[in-house]
Structures are given as structure tokens and as C-alpha cells.
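Step one of this worksheet: look at the structure below.
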Amino acid sequence: MMLPLERQNRIKELIYQKKNLKIADLSKTFGVSEMTIHRDVKTIEKEGIITKTFGGISLIHHQPSTNEDCVLCNRKMNERLAYRLILENNTIEMTCCAHCGLLRHRQLGDQVMQAICHDFFKQTTIGAQIAWYVMDTSLHMGCCQPQLLTFEWKEHADKFVKGFGGRVYTFQDASDALFRKMDGAHHCKKEKG
């Protein structure tokens, strides 16, 4: 049986080779539970080598121009609202919110291998394509407009709308509705404050 440090070093070797790994595959490879792999991943993530994705991990390719600003509107990142795009060349682009994330996703098209965001309530990572989006709510988070909030469960999004208004959309419907509201623009309109 491997010690945690040995297993973590081996995971680092694998991520450098393959660029993307699934938690379930790592669990089988090392003969340990997925929870054990998640603990290993948490330790490696603190080193800035990887980022968690939906069901796995990806190698972070640091880009010289990358700081903690949105790639679309240059706002400072708010981790609670952040949207990550993992591209086919294994680079990761970050946007400040789902609004910018969906616009950038639309710009990049097939170059996007995976997109992840956070559940507004639970702050867990979710796949952007399976998330539920709430638009036109009365609760304003101080980010780009029209604002989009992401939820893992439709039931949670529906309950949120009952309290704060708005409308619930699927990924594709949210992207289309946002694009229409932006009059076909691929750039962001910042909230006037």
C-alpha cells in the first residue's frame, strides 16, 4: 500500500503526462476510495498544479497574461461566481461570472472541452452544460448584466426564483437568451454603479 505522499507524487506524474484525469479512474488505479483521491487532489490543488473539474482534475497551464481578472471584461475574480473554460489545448480561461462565461463559451465554440461553475447555494463545482441558470432576478450580486446565477438542481433554481424573481434556463437556452439580450454582442456590459 502506498503512502499518501507517494500516491500524490504519482498523481502529479500522471497529470503532467495526460493533462486531464478522472477521480474514478485514479481510485481504480491506486485501489483506494474516491474520497481518498479527493483528499490527495485537495493537497495537490494547493500547490497550484491542478484545478478540479466536474468529476476529475486538469493540469493548469499558466498563461503569462493571466492574472486574477476576467478574460472578457477584466473585472477582478469573485470565486463564488467564477466560470472556468477548459480548452482543447489544456489551457484554462476564467471569467468573473456566468454572464461572461457564456459569452466567452459562445466565442470559443468547439475549442471548449469543458466548462465549470459553482452552485450559487452550495458552492460546489458543477458542469456548466448541466447547470440551471437564473436570469432577471431582483437580487444583484454586483457583477455583469444581465446577471446569471448558476444552480446544480432545477428545484433549487425554481425555489430561488419564487423568492427573488427571474426565470430559469438550461445552458443552451441561457446562452441564447443572453446573446439576444446583448443584441448579438460578444462583449460584456458592466453594471453601472
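The values are calculated or read from the model by the stated rules, or taken from the named source; none is laboratory data. Just so it is clear, the model here is predicted, and its values are computed rather than measured. Heads up, the Cβs are rebuilt from the backbone with ideal geometry, glycines too, and the neighbour counts pull from every protein chain shown. SASA here: full protein model, heavy atoms, side chains in, ligands and nucleic acids out. Shrake-Rupley method; radii C 1.70, N 1.55, O 1.52, S 1.80 Å.
Restricted to segment 31-55, and to residues that are in contact with a strand residue (DSSP E or B) (Cβ under 9 Å, 6 or more places away or on another chain) and open to solvent by 90 Å² or more (accessible area, probe 1.4 Å), which residue is nearest to residue 89 (Cα to Cα)?
Here the residue is 54.
Could you check, for segment 16-34, whether at least one of its residues is among the hydroxyl-bearing types (Ser, Thr, Tyr) and under 30 Å from residue 97 (Cβ atoms)? Working first, answer last.
Going residue by residue through segment 16-34, those that are among the hydroxyl-bearing types (Ser, Thr, Tyr) are 16, 27, 29, 33.
Within this subset, residues satisfying the condition of being under 30 Å from residue 97 (Cβ atoms) are none.
No.
Could you list all residues from segment 31-55 that are modelled with pLDDT of 85 or more and on the phi > 0 side of the Ramachandran plot?
Selection gives 31, 55.
If you check 76, 28, which single one turns out to be touching a strand residue (DSSP E or B) at 6+ places or on another chain (Cβ under 7 Å), open to solvent by 70 Å² or more (accessible area, probe 1.4 Å) and free of Cβ contacts under 8 Å to residues at least 40 places away in the same chain?
76
What strands (runs of 3 or more DSSP E), lying completely within segment 65-148, carry at least 1 residues that are out of contact with any Phe, Trp or Tyr (no Cβ under 6 Å at 6 or more places or on another chain), closer than 19 Å to residue 52 by Cα and not basic (Lys, Arg)?
On the way: elements: 83-87, 92-95, 112-118, 125-127, 132-135.
Strands (runs of 3 or more DSSP E) meeting the threshold: 83-87, 92-95, 112-118, 125-127.
Within the bounds of segment 2-23, is there any residue that is buried (at least 17 other Cβ atoms within 10 Å of the Cβ), in contact (Cβ under 8 Å) with a residue 60 or more places away in the chain, polar (S, T, N, Q) and touching a strand residue (DSSP E or B) at 6+ places or on another chain (Cβ under 7 Å)?
There is no residue in segment 2-23 that is buried (at least 17 other Cβ atoms within 10 Å of the Cβ), in contact (Cβ under 8 Å) with a residue 60 or more places away in the chain, polar (S, T, N, Q) and touching a strand residue (DSSP E or B) at 6+ places or on another chain (Cβ under 7 Å).
Give segment 154-169 a look and list any residue that's part of a loop (DSSP other than H, G, I, E, B) and either in contact with a Lys or Arg (Cβ under 9 Å, 6 or more places away or on another chain) or crowded, with 17+ Cβ neighbours inside 10 Å (or both), or say none. Before the answer, list the steps.
Step one: filter segment 154-169 for residues part of a loop (DSSP other than H, G, I, E, B), giving 165-166.
Hit for segment 154-169 is 166, nothing else.
Considering 170, 125, which residue is modelled with pLDDT under 95, under 25 Å from residue 22 (Cβ atoms) and hydroxyl-bearing (Ser, Thr, Tyr)?
So the residue among 170, 125 that is modelled with pLDDT under 95, under 25 Å from residue 22 (Cβ atoms) and hydroxyl-bearing (Ser, Thr, Tyr) is 125.
For segment 128-151: of the residues being small (Gly, Ala, Ser) and modelled with pLDDT of 90 or more, which is surrounded by the fewest Cβ atoms within 10 Å (Cβ to Cβ)?
Only one residue tops the list, namely 138.
For residue 111, only one of the following conditions fails: (1) farther than 30 Å from residue 146 by Cα; (2) of a type in the set (S, T, N, Q); (3) open to solvent by 70 Å² or more (accessible area, probe 1.4 Å). What is its number?
Here residue 111 clears every test but (1).
Being under 24 Å from residue 123 (Cα atoms) and open to solvent by 40 Å² or more (accessible area, probe 1.4 Å) is the filter; apply it to segment 173-193 and report the residue that is modelled with the lowest pLDDT.
191
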